1. Quick test for you: out of 418, 372, 328, pick the one residue that is closer than 30 Å to residue 65 by Cα, in the same structural domain as residue 76 (by TED's automatic domain parsing) and at pLDDT 95 or above.
2. So how many residues does the stretch 85-123 have that are assigned to a loop (DSSP other than H, G, I, E, B) and either surrounded by 17 or more Cβ atoms within 10 Å (Cβ to Cβ) or more than 23 Å from the chain's Cα centre (by Cα) (or both)?
3. Which ones in the stretch 374-391 are charged (D, E, K, R), touching a Leu at 6+ places or on another chain (Cβ under 8 Å) and part of a loop (DSSP other than H, G, I, E, B)?
4. Suppose we filter 335, 304, 355 for residues that are out of contact with any Pro (no Cβ under 7 Å at 6 or more places or on another chain), part of a loop (DSSP other than H, G, I, E, B) and under 25 Å from residue 185 (Cα atoms); which single one remains?
5. Could you check the stretch 311-364 and list, in sequence order, the residues that are touching a Leu at 6+ places or on another chain (Cβ under 8 Å) and among the β-branched types (Val, Ile, Thr)?
6. Being over 28 Å from residue 191 (Cα atoms), at pLDDT below 85 and part of a loop (DSSP other than H, G, I, E, B) is the filter here, so list the residues in the stretch 223-258 that pass it.
7. Return yes or no: is residue 297 touching a residue at least 60 places away in the same chain (Cβ under 8 Å) and at positive phi?
8. Of everything in the stretch 124-162, what is modelled with pLDDT of 95 or more, part of a loop (DSSP other than H, G, I, E, B) and of a type in the set (D, E, K, R)? Give them in sequence order.
Amino acid sequence: MRTSVRVVKFVALLGGLAFLATSCKMFGGSTKPNSGNPGPYSTATGLYFNEGDTTFQVHDFEEQPQGPNLVYIEGGRMVLGSFEEDILLARDNLERTVTVASFYMDETEVANIHWLEYMFYAKGEKSFTDSAAQAAYIKSITPREDVWEGRLAFNDPYQEYYLRYPGFRFFPVVGVSWVQANAYAAWRTKAVNRKMLRDAMEKGRYEPDSATLASLKPEEEFVPPIESGIALPAYRLPSEAEWEYAAQAMIGTQWQDENQTHQRLYPWDGHALRNPYGKEMGYFLANFKRGRGDYAGIAGKLNDGAMIPAYIYEFPPNDYGLYNMAGNVSEWVQDLYRPLSYQDMEDLNPMRRDDFLDNVDSYNPNTQLISNKSRVYKGGSWKDVAYWLSPGTRRYLDQDSATATIGFRCAMIRAGTNY
């Protein structure tokens, strides 16, 4: 009797172990389903997935693919705001604690070669009714090269060569408005997702639904749905909070459990502008204007090696691996400018998208150049003094304007995580 009971228990144990092994295999080491391993059937209805066209299709998924040039920025709590003396008495970025969710950001500024690539492919994708429409479109996506023009300066070579000459390929694109930067981000999203779809189909990881393909109009292009796991979320301009958070890179100041050893005035430690360590000791950490008339120092020992924008990988990256988050070129961000945004916005993923709670009618257009087209730009440029290198400083410009000192980089949401 005891022997048969033991046999039954042993068989039950083997069955349990087999079920556990199957479950672990089914759900990737867990006994519960998850996004990467949802199992063969629904835990809500018991209906099977992927059993022909009449059943719910659940595509393979590991995690969000990392788009080209993007760096992962782990989110968290930080103190936003300017730690510089408010020399303009603007009081438009006072200190406050916020939380920024994880996201991706371009490792570098968008460079001339990236923009020329955009112009090449964008012109080919557009159908034109006549030559005038084609000329207008080409003009709309071409950076303003006249931003280099100076009535009392000889900057003509930059105006003619900076965007197109091969030697400037990996210098940051300038002369781009906020509107143009957003258009580039939209095109880049389509271009990257088109390539990811092609790669997935070649590897047999994804096949578009035949009925969907048949329903497309001749001029329409198949776009993989977001639930396929093939398409990336949209490239976009970062919010001001995301940009400032990424520039500060406070991940490099951690000590023990949720303690930060110090705050940062710049994207690096300390109050100095020169590298205090190693072989690069004494070299400047950013491309900026040291003083009136001093853009690069004295021949034979140039202080930052750049009289205009520099190579996008020229200076050491910050602790997130981002290059030139201070100096080189200032950068457009998504936010509409308002001086009191710091007190109006939410403390989780703050961003001002319009004039809600701060109507434009409350500003005098004769004395305050603030409108619903005023967009924030961050970071100092090659033409700015060190004050503007601090991530908390902020300025604004009309979204249709462009200068030789403002460029941009793209960001992207980190989807499928709760932090």
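The values are calculated or read from the model by the stated rules, or taken from the named source; none is laboratory data. Note that the structure is a prediction, hence the values are computed from the model and not measured. For neighbour counting, all protein chains shown are included, and Cβ atoms are generated from backbone atoms with ideal geometry for every residue, glycine included.
1. On the way: 418 fails: at pLDDT 95 or above; 372 fails: closer than 30 Å to residue 65 by Cα.
Step by step, each of 418, 372, 328 is checked, and only 328 is closer than 30 Å to residue 65 by Cα, in the same structural domain as residue 76 (by TED's automatic domain parsing) and at pLDDT 95 or above.
2. Start the filter on the stretch 85-123 by keeping residues that are assigned to a loop (DSSP other than H, G, I, E, B), which leaves 85-95, 101-102, 107-110.
From what is left, the residues that are either surrounded by 17 or more Cβ atoms within 10 Å (Cβ to Cβ) or more than 23 Å from the chain's Cα centre (by Cα) (or both) are 85-95, 101, 107-110.
Total satisfying the criteria: 16.
3. We begin by selecting, within the stretch 374-391, every residue charged (D, E, K, R); these are 375, 378, 383-384.
Pick out the ones that are also touching a Leu at 6+ places or on another chain (Cβ under 8 Å) and you get 375.
Within the stretch 374-391, none qualify.
4. On the way: 335 fails: part of a loop (DSSP other than H, G, I, E, B); 304 fails: under 25 Å from residue 185 (Cα atoms).
None of the others qualify; the one that does is 355.
5. 333
6. 256, 257, 258
7. On the way: touching a residue at least 60 places away in the same chain (Cβ under 8 Å): no; at positive phi: yes.
Spelling it out, it is not the case that residue 297 is touching a residue at least 60 places away in the same chain (Cβ under 8 Å) and at positive phi.
8. 144
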